[in-house]
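K.L.:
Got a structure for you, questions after.
The values are calculated or read from the model by the stated rules, or taken from the named source; none is laboratory data. Keep in mind it's a predicted model, so treat the numbers as computed, not measured. When we count neighbours, we look across all protein chains shown, and the Cβ atoms used for this are built from the backbone with ideal geometry, even at glycine.
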Amino acid sequence: MRVEYGRTGADWGRSALFMSTALAASLGWVCVQQAQGQETDVTNVYLSEITVVPSKVEEDAVEALASVSVVTPSELEILQPTDTQDIFFGMPNVSAGVSQDTTGVGTSFNIRGLQDFGRVAVILDGARNNFQRNDHGATSTAWIEPEMINEVTVVRGPVSNLYGSGAIGGVVVFETKTASDFLAPGERAAGSVKGRYETNGNAWTATATGAARFSDVIDVIGNVTYRESSDYKDGAGNTVPYSHYDVLGGLAKTQIAPGEDHLITLGWIGAHDTWNEEGTQDVTLDENTFTGKYEYSPLDNQWVDLTLSGFYVDTTQSQTQLVDTIRFNQQTGAPIVVPAGNVRDFKLNTGGFDIWNTSTFDTGPFLHTLTFGGDWYRDDAQTVDGTGVSGVYNPSGDRSTYGAYVQNKVEYSNWFEAIGALRWDGYELQGDTVDNSASRVSPRLSVGVKPFEDSFLNGVQLYGTYAEGYRSPSIIETLMIGLHPAGVLFPFLPNPDLIPETAKTWEAGLNYARDNVLYQGDGVRMKAAWFHNDVADYIGLTYLSPFVPDSGCFFVPTPQSIPICAQYQNFDTVRIHGFELEAVYDTGWFFAGLQGAAIQGVDTSTTPSTPLYSIPPDQVTGRVGFRALDEALVIGGEVQRVMPHNSLSFMPSAPFEPTIRDGYTLVNLFGSYEANDNLRINVRLENLFDVEYANYMNIASGTDVFERGFNAKIAATLRFGVVQPSLVGDEIVVRN
């Protein structure tokens, strides 16, 4: 691929690698000299992140009895994500891809080989992102602007079922910035503007953020972000058509503290995204997310720590036909012309709430943290298309899910911890002549011990978990009906007899947290886990023959017809097992990390068992970096090796076969310099050697596009703040 200024991406990559290696060596020497002359306060080394996501109880992520990853603001500075997919680079057994019609804009999530139809719960400031549009590609897609995000937490497996029904794969929780996150200590108001340019696709990002603290009672923050990109080039220098997009996003949030023990948070997040699908239609996505949360935490009452959270998400994806297109009449099967200018809308409104309380108390030597609560949400899906074609894949209907849960976390001394939980789930699904409902209780038990605290292995925690999850059938899976709208003609059959999926997961893990390992001020954090997940009654699309008695399939011969039918059905069992590792070593001036994942999955309903296409390839990612000049300067690099896929039975179209057969290796460099409190420069060089590769999850879902070749991201952030007036006067001081 050739970029501007007449040099190839590989040329730029080799030059940048040479310069960065030389700089890293010299910087490393300087940092060693600095380290020898001063001690590093280990509390300043970012290794332990506090999270409440795995169990709704505040704890260090490294000590959670679950496989959890946290992406912090420091990590986001290194990654400089263009879109949501970039946030999850290297994260073990977490794959993010784009659906066929949303290249570079929308993101779908796969955790431990499970995806779509709510198997991964995507939560933004407490609001569930449930949008689904069925076609040739990923079904569940989220549109979340990275520049608004303060932190992301991922929990793998059904241990996260406190966050609502369906998340048998796991949960991804996005938290946007608050005024407290943005304002520096002592500031009453602040603002920032950021611009980023990317060489591949001539892409621009512009974002502005402002926040103010009016008093101890109320603060506000607002953000607006605009991104645009032309068609990018892959590693072979070929332009990827229809990969251009425009994205406009906004955020407004306020926190109100009417009393010492009370906190109210109100927020709005908006998105207006446009792109083109294969040159045949323009697509627009409009989404508005409204959130509200009330927290009551009296300091003098150990029995009450109450949270009430509510949300409403309004999503509409509109497609405007650009050319006349042949489709099949849904009544007769005869070809019809859908004219240019035809508009079809896919709408989903989701509203819900979650309420829970946490109490702490002792029984003898045991400390109990008891959490109980309930949640409810409702999806209302509507497809509007005068031709009736779009409603085949995406039927209208509504579904409500609800649940109640109780969890007790028991701690003894500093070496034993156990978490026991029960969740009751129920659902109701309605549409046409279907009115389904069911319910179930799912347990969780986790036990963790630190048996080596008095030995050289202190800091090691071992844990074991058994957890179950429950996912009700979606509107699409239950109600999809009609004739395949284009190409060849065959019917889709609804299935009102679908039963929910039940996941049963065993997990064994090791957590390790220790400071001052090699010398004063360093630290090591590590999480490793092995898991085995049996998903009973797994729901998947099945093709039926009209020549098999009692199949329910029928065949009407026409020149376009083929003798099959398609229907979502329950399989016997899907079996998935694997391993994941995250480790970080940090001294303050030097840091290194390693992430790895291995996973296999099969459908056991066939003989022999057949591989699941939703299982991503194994991979390992390493990172090394240096900090200097009181951590104002950070540079480093990453290497990621994606292994050949473990299923040779899945062969995509010829151009993408090498990605599956051979795997690939990516090399990235990153750097940042904080000149002062007002100016920060970020540089990230991705795919340094112009590797031609494709995201496996996109290939498996039918999105046949190669990823970006070499891409240089250059960003500058200008920040200004106003400190509080002094105690002796009203003069306002502007921070310089």
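K.L.:
Looking at Ser67, Ser108, Ser55, Ser48, which one is surrounded by 24 or more Cβ atoms within 10 Å (Cβ to Cβ), over 12 Å from the mean Cα position of the chain (by Cα) and modelled with pLDDT under 90? Before you say what the answer is, go through the steps one by one.
P.N.:
Details: Ser67 fails: modelled with pLDDT under 90; Ser108 fails: over 12 Å from the mean Cα position of the chain (by Cα); Ser48 fails: surrounded by 24 or more Cβ atoms within 10 Å (Cβ to Cβ).
Every option except Ser55 fails the conditions.
K.L.:
Cβ-Cβ under 6 Å, sequence separation 6+ or interchain: first residue in segment 106-128 and closer than 22 Å to Ala529 by Cβ, partner among the small types (Gly, Ala, Ser) and part of a strand (DSSP E or B). Which pairs?
P.N.:
Phe109/Ala96; Asn110/Ser95; Ile111/Gly170; Gly113/Gly601; Val120/Gly170; Val122/Ala142
K.L.:
Evaluate the following for Asn533: is it within 25 Å of Ser442 (Cβ to Cβ), touching a Lys or Arg at 6+ places or on another chain (Cβ under 6 Å) and in contact (Cβ under 8 Å) with a residue 40 or more places away in the chain? Write out each step before concluding.
P.N.:
Values: within 25 Å of Ser442 (Cβ to Cβ): yes; touching a Lys or Arg at 6+ places or on another chain (Cβ under 6 Å): no; in contact (Cβ under 8 Å) with a residue 40 or more places away in the chain: yes.
Spelling it out, it is not the case that Asn533 is within 25 Å of Ser442 (Cβ to Cβ), touching a Lys or Arg at 6+ places or on another chain (Cβ under 6 Å) and in contact (Cβ under 8 Å) with a residue 40 or more places away in the chain.
K.L.:
To continue, here is another question. If you scan segment 363-403, which residues turn out to be surrounded by fewer than 20 Cβ atoms within 10 Å (Cβ to Cβ), over 26 Å from Ile476 (Cα atoms) and among the polar types (S, T, N, Q)?
P.N.:
Thr363, the sole residue that qualifies.
K.L.:
What residue, among those in segment 233-250 that are among the hydroxyl-bearing types (Ser, Thr, Tyr) and in contact (Cβ under 8 Å) with a residue 24 or more places away in the chain, is nearest to Arg708 (Cα to Cα)? Break it down stepwise before answering.
P.N.:
Within segment 233-250, the subset among the hydroxyl-bearing types (Ser, Thr, Tyr) is 239, 242-243, 245.
The next check asks that each one be in contact (Cβ under 8 Å) with a residue 24 or more places away in the chain; those that pass are 242-243, 245.
Values: Tyr242: 13, Ser243: 10, Tyr245: 15 Å.
Taking the candidates together, the pick is Ser243.
K.L.:
Quick check on Gly191: is it in contact (Cβ under 8 Å) with a residue 40 or more places away in the chain, surrounded by 14 or more Cβ atoms within 10 Å (Cβ to Cβ), in a loop (DSSP other than H, G, I, E, B) and small (Gly, Ala, Ser)? Full working, then the answer.
P.N.:
Details: in contact (Cβ under 8 Å) with a residue 40 or more places away in the chain: yes; surrounded by 14 or more Cβ atoms within 10 Å (Cβ to Cβ): yes; in a loop (DSSP other than H, G, I, E, B): no; small (Gly, Ala, Ser): yes.
Answer is no for this residue.
K.L.:
Inside segment 219-233, can you point out the residues that are closer than 15 Å to Val247 by Cβ and either in a strand (DSSP E or B) or not small (Gly, Ala, Ser) (or both)?
P.N.:
Taking segment 219-233 as the starting set, the residues that turn out to be closer than 15 Å to Val247 by Cβ are 223-230, 232.
Of everything in segment 219-233, those that are closer than 15 Å to Val247 by Cβ and either in a strand (DSSP E or B) or not small (Gly, Ala, Ser) (or both) turn out to be Asn223, Val224, Thr225, Tyr226, Arg227, Glu228, Ser229, Tyr232.
K.L.:
On to the next question. Which one of these is touching a residue at least 60 places away in the same chain (Cβ under 8 Å) and among the hydroxyl-bearing types (Ser, Thr, Tyr): Thr401, Thr363? Give the steps one after another, and end with the answer.
P.N.:
Working: Thr363 fails: touching a residue at least 60 places away in the same chain (Cβ under 8 Å).
Step by step, each of Thr401, Thr363 is checked, and only Thr401 is touching a residue at least 60 places away in the same chain (Cβ under 8 Å) and among the hydroxyl-bearing types (Ser, Thr, Tyr).
K.L.:
Also, quick follow-up: With respect to the numbered conditions (1) in a strand (DSSP E or B); (2) more than 29 Å from Ile714 (Cβ to Cβ); (3) out of contact with any Leu (no Cβ under 6 Å at 6 or more places or on another chain), which one is the sole condition not fulfilled by Thr254?
P.N.:
(3)
K.L.:
For the structure I just gave you, tell me whether Arg378 is in contact with a strand residue (DSSP E or B) (Cβ under 8 Å, 6 or more places away or on another chain), over 26 Å from Asp282 (Cα atoms) and among the basic types (Lys, Arg). Please lay out each step first, then the result.
P.N.:
Details: in contact with a strand residue (DSSP E or B) (Cβ under 8 Å, 6 or more places away or on another chain): yes; over 26 Å from Asp282 (Cα atoms): yes; among the basic types (Lys, Arg): yes.
It is true that Arg378 is in contact with a strand residue (DSSP E or B) (Cβ under 8 Å, 6 or more places away or on another chain), over 26 Å from Asp282 (Cα atoms) and among the basic types (Lys, Arg).
K.L.:
Please verify whether segment 535-547 includes one or more residues that are more than 30 Å from the chain's Cα centre (by Cα), of a type in the set (D, E, K, R) and in a loop (DSSP other than H, G, I, E, B).
P.N.:
No.
K.L.:
Hey, another quick one. Between residues in segment 293-320 that are under 21 Å from Ile256 (Cα atoms) and among the aliphatic types (A, V, I, L, M) and residues that are at pLDDT below 95 and assigned to a loop (DSSP other than H, G, I, E, B), which pairs lie under 7 Å by C-beta distance while being six or more apart or on different chains?
P.N.:
These pairs meet every condition: Leu299/Asp261; Val304/Pro298.
K.L.:
Something else: Go through (1) within 27 Å of the chain's Cα centre (by Cα); (2) charged (D, E, K, R); (3) in a strand (DSSP E or B) for Asp435 and report which single condition fails.
P.N.:
It fails just one condition, (1).
K.L.:
Another question, then. Where the second residue is of a type in the set (Asp, Glu) and in a strand (DSSP E or B) and the first is in contact (Cβ under 8 Å) with a residue 24 or more places away in the chain and lies in segment 670-685, which pairs have Cβ atoms under 6 Å and are six or more apart or on separate chains?
P.N.:
Listed by first residue and then by second, the contacts come to Arg680/Glu674.
K.L.:
Could you list, in sequence order, all residues of segment 390-422 that are within 24 Å of Thr350 (Cα to Cα) and not in a strand (DSSP E or B)?
P.N.:
To start, the set of residues in segment 390-422 that are within 24 Å of Thr350 (Cα to Cα) comprises 390-405.
Ser390, Gly391, Val392, Tyr393, Asn394, Pro395, Ser396, listed by residue number.
Every residue, every condition in (1) surrounded by 14 or more Cβ atoms within 10 Å (Cβ to Cβ); (2) over 21 Å from Asn349 (Cα atoms); (3) touching a Phe, Trp or Tyr at 6+ places or on another chain (Cβ under 6 Å), yes or no:
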| site | (1), (2), (3) |
| --- | --- |
| Lys233 | yes, yes, no |
| Tyr245 | yes, yes, yes |
| Leu251 | yes, no, no |
| Ile256 | yes, yes, no |
| Gly259 | no, yes, no |
| Trp268 | yes, no, yes |
| Pro298 | yes, yes, no |
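K.L.:
Just to be sure before I move on: is Phe372 assigned to a strand (DSSP E or B), among the hydrophobic types (A, V, I, L, M, F, W, C) and out of contact with any His (no Cβ under 9 Å at 6 or more places or on another chain) in the structure I sent?
P.N.:
Working: assigned to a strand (DSSP E or B): yes; among the hydrophobic types (A, V, I, L, M, F, W, C): yes; out of contact with any His (no Cβ under 9 Å at 6 or more places or on another chain): yes.
Judged against the criteria, Phe372 is a match.
K.L.:
Can you confirm whether Arg641 is surrounded by fewer than 18 Cβ atoms within 10 Å (Cβ to Cβ) and part of a strand (DSSP E or B)? Lay out the reasoning, then the answer.
P.N.:
Numbers: surrounded by fewer than 18 Cβ atoms within 10 Å (Cβ to Cβ): yes; part of a strand (DSSP E or B): yes.
Judged against the criteria, Arg641 is a match.
K.L.:
Can I ask one more? Residue check: is Gly126 surrounded by 24 or more Cβ atoms within 10 Å (Cβ to Cβ) and either of a type outside the set (Val, Ile, Thr) or closer than 27 Å to Asp345 by Cβ (or both)?
P.N.:
Taking the combined requirement at face value, the residue does not satisfy it.
K.L.:
So, one more: Which count do you get for residues in segment 334-362 that are in a loop (DSSP other than H, G, I, E, B) and either within 35 Å of the chain's Cα centre (by Cα) or crowded, with 17+ Cβ neighbours inside 10 Å (or both)? So that I can check it myself, show each step before the final result.
P.N.:
Initially, segment 334-362 is screened for residues in a loop (DSSP other than H, G, I, E, B), giving 334, 339-342.
Adding the requirement that they be either within 35 Å of the chain's Cα centre (by Cα) or crowded, with 17+ Cβ neighbours inside 10 Å (or both) leaves 341-342.
Qualifying residue count for the region: 2.
K.L.:
Looking at (1) without any contact (Cβ under 8 Å) to a residue 24 or more places away in the chain; (2) in contact with a Ser or Thr (Cβ under 7 Å, 6 or more places away or on another chain), which is the one condition that is false for Tyr463?
P.N.:
The number of the failed condition is (1).
K.L.:
Further question on the same structure: I need every pair where a residue in segment 202-221 that is buried (at least 19 other Cβ atoms within 10 Å of the Cβ) has its Cβ under 6 Å from the Cβ of a residue that is among the hydroxyl-bearing types (Ser, Thr, Tyr) and assigned to a strand (DSSP E or B), sequence separation at least 6 or different chains.
P.N.:
Ala203/Ser229; Thr207/Thr225; Thr209/Ser192
K.L.:
While we're on this one: Between Trp303, Trp268, which is in contact with a Ser or Thr (Cβ under 8 Å, 6 or more places away or on another chain), aromatic (Phe, Trp, Tyr) and in a strand (DSSP E or B)? Even if it seems obvious, please write down each step before you answer.
P.N.:
Values: Trp303 fails: in a strand (DSSP E or B).
Answer to the selection: Trp268.
K.L.:
Does segment 551-564 include one or more residues that are in contact with an Asp or Glu (Cβ under 7 Å, 6 or more places away or on another chain) and among the aliphatic types (A, V, I, L, M)? Lay out the reasoning, then the answer.
P.N.:
Of segment 551-564, the ones in contact with an Asp or Glu (Cβ under 7 Å, 6 or more places away or on another chain) are none.
Scanning segment 551-564 turns up no residue that is in contact with an Asp or Glu (Cβ under 7 Å, 6 or more places away or on another chain) and among the aliphatic types (A, V, I, L, M).
K.L.:
Another one. The conditions are (1) at pLDDT 95 or above; (2) assigned to a loop (DSSP other than H, G, I, E, B), and Thr665 fails exactly one of them. Which is it?
P.N.:
Tallying (1) at pLDDT 95 or above; (2) assigned to a loop (DSSP other than H, G, I, E, B), Thr665 fails exactly one: (2).
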